[in-house]
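Below is one structure, written out as structure tokens; the observations come after it.
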Amino acid sequence: MPELPEVETVRRTLNELIVGKTIDRVTVNLPRIIQKPDDTQLFAALLEGRTFQSVERRGKFLRLLLDGIVLVSHLRMEGRYGLFGKEEPTEIHTHVIFHFTDGTELRYKDVRQFGTMHLFQPGEELQARPLNKLGLEPLEEGFTLETFQRALGKRSTKIKPLLLNQEVIVGLGNIYVDEALHTAGIHPERQWNELTKKERELLHLAIVETLSAAVEAGGSSIKSYVNGQGEMGLFQHSLKVYGRNGDCCHTCGTLIEKSVVGGRGTHVCPKCQKQPRNVNRSRTTSSIESRNAVKHRLDGKSSKDS
């Protein structure tokens, strides 16, 4: 977190909040957030007097365009932006503050301290790290079935880790990969080169539909995500499998199971998403946890009824 829908929501919010505002000065309280330049005083000096023109997105990165310079920002796990009056108390873990000439402040808060900021000359940001190796944008018109298939090629990789690879498709994280695979009826351990033409079509459509719906809902507030106005996303109320271990599938009623695929917690409906034959379907800890979770709820219900 945050993934593409959450970053897109932040982008839209910041466009409403800061475009047209001019930076008077910049305060950096945690130097390691600033990756380029490596001198925080130079970082602040390069931004002073500049005005925000627009806020764009590339994958999970924000591109904040000012007159004559571009700020590339990655929120990582829990980074967030908020607009405040200068008289409002500064919260703990506020690491960068952009003081505007109108008396307001754009504050960057990051409890985990994993976020990053880079400054570039306009146009150079797309040719250098961290943006130069990013893959297809799944919500752009160019993300067709043909470009999707071409990007994934003939790889024999399990489909979930492949979709999480930001050099192939950008913006997809754990939540939306699980959701898209369930919508397409594809098990995350299936290999890409073994999917049928129809399955590839369904997966392409599911990725676009899932991300589009999540953007319209303002993203998913699973842990601490809020947009630039402190508002939570609502898509978590529409999740079909992610985080629903032990709950019933909305489609068929089968218990949702959780396992680990490619080192990531993974949620599937074992009926809607058939497991590939070459994968050992043993009773994993997650399957047992699913059954125990339901048994616990049923036992609790019986106790209340009695």
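The values are calculated or read from the model by the stated rules, or taken from the named source; none is laboratory data. Fair warning: this is a prediction, and the values are worked out from it, not measured in the lab. Methodologically, a virtual Cβ is constructed for each residue, glycine included, from the backbone with ideal geometry; neighbour enumeration extends over all protein chains shown.
Quick notes on this one:
To keep it simple, each residue is scored yes or no on (1) closer than 23 Å to residue 255 by Cα; (2) of a type outside the set (Gly, Ala, Ser); (3) in contact with an Asp or Glu (Cβ under 8 Å, 6 or more places away or on another chain).
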| site | (1), (2), (3) |
| --- | --- |
| 123 | no, no, no |
| 140 | no, yes, no |
| 155 | no, yes, no |
| 184 | yes, no, yes |
| 198 | no, yes, no |
| 215 | no, yes, yes |
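- One residue alone among 22, 13 is in contact (Cβ under 8 Å) with a residue 60 or more places away in the chain and either surrounded by 18 or more Cβ atoms within 10 Å (Cβ to Cβ) or within 21 Å of the chain's Cα centre (by Cα) (or both), and that residue is 13.
- Selection count, the range 264-277, where residues are part of a loop (DSSP other than H, G, I, E, B) and touching a residue at least 60 places away in the same chain (Cβ under 8 Å): 6
- The residues of the range 182-198 that are at negative phi and in contact (Cβ under 8 Å) with a residue 40 or more places away in the chain, listed by number, are 182, 183, 186, 187, 188, 189, 190, 191, 192, 194.
- Scanning the range 114-146 for residues that are more than 21 Å from residue 32 (Cα to Cα), surrounded by 16 or more Cβ atoms within 10 Å (Cβ to Cβ) and over 19 Å from the mean Cα position of the chain (by Cα) yields a total of 0.
- Residue within the range 30-47 that is among the β-branched types (Val, Ile, Thr), assigned to a helix (DSSP H, G or I) and modelled with pLDDT of 95 or more present: yes
- Unique match (being crowded, with 18+ Cβ neighbours inside 10 Å and touching a Gly at 6+ places or on another chain (Cβ under 6 Å)) among 3, 8: 3
- Residues that are surrounded by 19 or more Cβ atoms within 10 Å (Cβ to Cβ), of a type in the set (Lys, Arg) and more than 30 Å from residue 162 (Cβ to Cβ) occur in the range 86-108; there is at least one.
- Test: residue in the range 273-296 that is at pLDDT 95 or above and under 27 Å from residue 214 (Cα atoms): yes
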